[in-house]
């Protein structure tokens, strides 16, 4: 699936010196690349009988609804604090320098529902683990995780040992 790499722009020294940023906006603007991305996720998760697709803020929102549509599943956004209007459940997670928090509506996932989680990037795995914990706290079962790109040198997949994880591109 490395053919998608050609659609991703690499920006050196962003957001700070020494970081190589992989910009998916160039993938999003190309109709073929966008279709290939959504279709590959839909194919990977087809037959898993997902009830919900969870998209992690913010780039998971760009793909989650289309994947949900393809799988005939509902879509659930997981957001930064203070963005969801109804009662929420929250989960804190560690960052390289400090911590952050994610939230989901308490009624977004019913006990026993089968859930796929999607996002643009798997780096250290902290955001994915926090999202898994939110889904499981609501009684859902995470049946798979999908990422457009994975930075293998950061070891995020090790945080997800025992989980079904698919990355369309690896660096």
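No lab work stands behind these numbers, since they all come straight from the coordinates. Small disclaimer: the values here were computed from a predicted structure and weren't measured. A quick note on method: Cβ atoms are made from the backbone with ideal geometry, for glycine too, and the neighbour counts reach across all protein chains shown.
Using all C-alpha to C-alpha distances in the chain, build P(r) with 5 Å bins and read off the rounded percent in each one.
Final binned percentages: 2, 9, 18, 22, 21, 16, 9, 3, 1.
Among 151, 122, 71, which comes first, then next, by fewest other beta-carbon atoms within 10 Å?
So the residues, fewest neighbours to most, are 151, 71, 122.
In deg cm²/dmol, rounded to 500, what helix-only [θ] at 222 nm does the chain give when every DSSP H run of at least 4 residues adds -39500 (n - 2.57) and the total is split over its residues?
After summing the helix terms and dividing by residue count, I get -7500 deg cm²/dmol.
How would you order 141-147, 153-159, 17-23, 37-43 from highest to lowest mean count of nearby Cβ atoms within 10 Å?
141-147, 37-43, 153-159, 17-23
Need one number: nm distance between label points at residue 164 and residue 26, each 7 Å from Cα along Cα→Cβ, rounded to one decimal.
If labels sit at residue 164 and residue 26, their model points lie 3.3 nm apart.
Using Cβ counts within 10 Å as a stand-in for footprinting exposure, how do 36, 62 rank, fewest first?
36, 62
Distance from the Cα centre of the range 12-48 to that of the range 134-154, in angstrom?
16
If we count other beta carbons within 10 Å of each Cβ, what is the order of 117, 24, 11, fewest first?
Final ranking by Cβ density, sparse to dense: 11, 24, 117.
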